[in-house]
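We did not get these values from a lab; they are worked out from the coordinates using the rules stated. All figures in this text were calculated on a predicted structure; none of them were measured in a lab. Backbone-built Cβ (ideal geometry, glycine too); neighbour counts: all protein chains shown.
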Amino acid sequence: MSIDELKQLLSLAGAFGIGGLVAGGVVFSLIKSFIPSYLAKKAENLATREDIAAITYEIEHVRSEYAFLIEQLKAKHQLRMAALDRRLQAHQEAFELWRELLEAAHTDGIGKVVMKCQSWWERNCLYLEPKVREAFVAAYSAVTDVCTK
C-alpha cells in the first residue's frame, strides 16, 4: 500500500469511527479466513463429484459387459442342452429302429423296415456319434444283404 492509500483508509476509518473500524476488522478477518476455506471445500466437492461420475461410468460399463457375456454363455449353454437332448432322442430312436429291424429280420416286412431305417438315418445321422452312425448303417445293410440272398 502506498502512503496515499493509507491516508485515505485512515480518513475513511475516522469517518466511521472506532466502531466502524472494529466492525470492518472483524468482517475483514472473517472474510479472509472463511472465503479461502469455503472455496477450497467447494473445489474439493466438485473434484469428488467428477471422480464419482467417472468411477460410476466405469462400474456400469463393466457391469454391462459382464451382463452381455453372461447372456451369451446362457444362450450357448441352452443351445448345447437342446443339442444334447436331440442327440439323446436320436440314439433312443436308433435303438428302437434296431430292435424293430431285428424283429423283422426273417419276415416279409423287412423291406419296409429297412426303408424306414434308411429314411430315418438320412434325417438324423448327424445327431449320432460316429461309431453309432456306422453301426446303424451296418445293421440295416447287413439285414438287407442277408434277406436279399
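Pairs on different chains or at least eight residues apart, Cα atoms closer than 29 Å: how many lysine pairs in the chain fit?
Here the count comes out as 9.
Residue by residue through segment 83-88, what is 3J(HN,Hα) from phi via Karplus (6.51 cos²θ - 1.76 cosθ + 1.60, θ = phi - 60°)? Round to whole Hz and write x for glycine and proline.
Along segment 83-88, the couplings run 5, 5, 4, 5, 5, 4 Hz.
Taking every alpha carbon pair in segment 74-149, what does the distance histogram look like in 10 angstrom bins from 0, in percent?
19, 46, 22, 9, 3, 0
Along each of its three principal axes, how wide is the spread of alpha-carbon positions in the chain, in whole angstrom units, largest first?
Largest first, the chain extends 137, 25, 18 Å along its Cα principal axes.
Could you tell me which residue out of Gln78, Ala47, Tyr57 lies farthest along the dipole of the chain toward its positive end? Charges go on the beta carbon: Lys and Arg +1, Asp and Glu -1, centred on the Cα centre.
The Cα lying farthest towards the positive end belongs to Ala47.
Report the gain in length on full extension from Gln78 to Glu96: 0.36 nm times residue separation, minus Cα-Cα distance, nm rounded to one decimal.
Numbers: separation 18, 0.36 × 18 = 6.48 nm, distance 2.70 nm.
Here the segment from Gln78 to Glu96 would lengthen by 3.8 nm.
For n ≥ 4 DSSP H runs only, could you compute -39500 (n - 2.57) per run for the chain, divide by its residues and tell me the 222 nm figure to the nearest 500? Before the final figure, lay out the partial values.
On the way: 3 runs with 135 residues, N = 149.
Mean residue ellipticity at 222 nm (helix-derived): -33500 deg cm²/dmol.
Report the charge-dipole magnitude of the chain in Debye, nearest 20, computed about the Cα centre from +1 at each Lys and Arg Cβ and -1 at each Asp and Glu Cβ. Could the numbers behind the result be given before it?
Numbers: 18 positive and 19 negative charges, 22 e Å.
Around 100 debye, computed over the chain.
So what's the angle, to the nearest 10 degrees on a 0 to 90 scale, between helix 130-148 and the longest Cα principal axis of the chain?
Tilt relative to the chain: about 20 degrees.
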